[in-house]
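The structure under discussion appears below in the form of structure tokens.
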Amino acid sequence: MMTTNTDFVLAVEGLTVSFDGFKAVSDLSFYVDENEIRVIIGPNGAGKTTVLDLICGRTRATEGSIKFKNRELTKLKEHDIVKAGVGRKFQNPSIYGDLTVFENLEISFPRGRSVWGALTFNRDAEVINKIHEIAEMIFLKDLLHHQADLLSHGQKQWLEIGMLLIQDPQLLMLDEPVAGMSVGERQQTAELLRKITKGRSVIVIEHDMQFVAQIADKVTVLHQGKILAEGSAEKVKQDPKVIDVYLGH
Ligand SMILES: Nc1ncnc2c1ncn2[C@@H]1O[C@H](COP(=O)(O)OP(=O)(O)O)[C@@H](O)[C@H]1O
Ligand SMILES: [Mg+2]
């Protein structure tokens, strides 16, 4: 009998997607705890990004289930999945370049789309406090009034993480967040991720194994849409199968 442990924030079971008969993700099952950073690694084309696409509703599963806090996500629309508490960062930052850091965070604050809710003093104070809190966390508190276009590549990535954090998602998914970052920025990003896990779960797709070892509670290695290995960064690094298909190259 198949039983789902309801303590997990995310339970993915038997997840499959085929694109014209090609299974990019094939009978995949994995479970993510609260306060956990799960890192997904694997060669190009392994299906990593597709897994995130399936969880956030951008791609529809052919089979299987995705339970987030015991709610089935596979039938929900993308924006309802966001409302349920799932935030996702894509590989290229989608920030508003002509707006300031402050304004980018402000427009990301969930207002419930209500004309009534948006216009009270209390609400404004709450928003401003939250923007300052997030800006400090993402190392941009001295740049609040800078135009976003003028930020470095790494700072833009942090801003986008901030724009997700301000929505307080319980599951945050990041696709290669440190690609193109300097060593120093990677270090800061690792600190940032370790700070934001309290009360939420984070899934990160990443290639840099040094960064992976710094942040991962657990690593899932994907290969051809299936799990090749799973465990601590230390353990999967020494797994001959992982070395053979991924780390040895
Ligand atoms: N929408 C799609 N239609 C057809 N094939 C796709 C689609 N999305 C991904 N794929 C294919 O699925 C495989 C996995 O892709 P992807 O998830 O992007 O891999 P990764 O992120 O691990 O590099 C690749 O072979 C890719 O070409
Ligand atoms: Mg990818």
State yes or no: is ALA125 of a type outside the set (Val, Ile, Thr), away from ligand 2 (no atom under 16 Å from the Cβ), at pLDDT 95 or above and part of a helix (DSSP H, G or I)?
-> no
How many residues of segment 9-59 are of a type in the set (Ser, Thr, Tyr) and within 13 Å of ligand 2 (Cβ to nearest atom)? The answer is 3
Mind checking which residues of segment 127-160 are within 14 Å of ILE107 (Cα to Cα) and within 17 Å of the chain's Cα centre (by Cα)?
-> ILE134, LEU159, GLU160
In segment 131-187, residue farthest from ligand 2 (Cβ to nearest atom) [restricted to those that are farther than 20 Å from TYR96 by Cβ and β-branched (Val, Ile, Thr)] = VAL183
Give the number of residues within segment 197-222 that are touching a strand residue (DSSP E or B) at 6+ places or on another chain (Cβ under 9 Å) and not aliphatic (A, V, I, L, M).
-> 9
Test each condition in (1) loosely packed, with under 14 Cβ neighbours inside 10 Å; (2) within 17 Å of MET173 (Cβ to Cβ); (3) touching a strand residue (DSSP E or B) at 6+ places or on another chain (Cβ under 9 Å); (4) small (Gly, Ala, Ser) for GLY45 and report the one that comes out false.
-> (2)
Single condition MET209 does not satisfy, out of (1) surrounded by 17 or more Cβ atoms within 10 Å (Cβ to Cβ); (2) modelled with pLDDT of 95 or more; (3) farther than 25 Å from VAL9 by Cα | (2)
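Residue-by-condition table, conditions (1) within 16 Å of ligand 2 (Cβ to nearest atom); (2) touching a residue at least 60 places away in the same chain (Cβ under 8 Å); (3) touching a strand residue (DSSP E or B) at 6+ places or on another chain (Cβ under 6 Å); (4) polar (S, T, N, Q):
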position: ALA61; (1), (2), (3), (4): no, no, yes, no
position: ASN70; (1), (2), (3), (4): no, yes, no, yes
position: PRO93; (1), (2), (3), (4): yes, yes, no, no
position: LEU105; (1), (2), (3), (4): no, yes, no, no
Wholly inside segment 1-93, strands (runs of 3 or more DSSP E) that include 3 or more residues that are in contact with a Gly (Cβ under 9 Å, 6 or more places away or on another chain), at pLDDT 95 or above and under 12 Å from GLY225 (Cβ atoms) are 10-19, 22-32
Looking across segment 212-236 at residues that are buried (at least 21 other Cβ atoms within 10 Å of the Cβ) and not hydrophobic (A, V, I, L, M, F, W, C), the single one that is nearest to the chain's Cα centre (by Cα) is THR220
Output for segment 20-51, where each listed residue is within 11 Å of ligand 1 (Cβ to nearest atom), at negative phi and of a type outside the set (A, V, I, L, M, F, W, C) = LYS23, SER26, PRO43, ASN44, LYS48, THR49, THR50
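The values are calculated or read from the model by the stated rules, or taken from the named source; none is laboratory data. What you see is a predicted model; the values in this text were computed from it and never measured. Cβ sites come from the backbone with ideal geometry, for glycine too, and all protein chains shown count toward neighbours.
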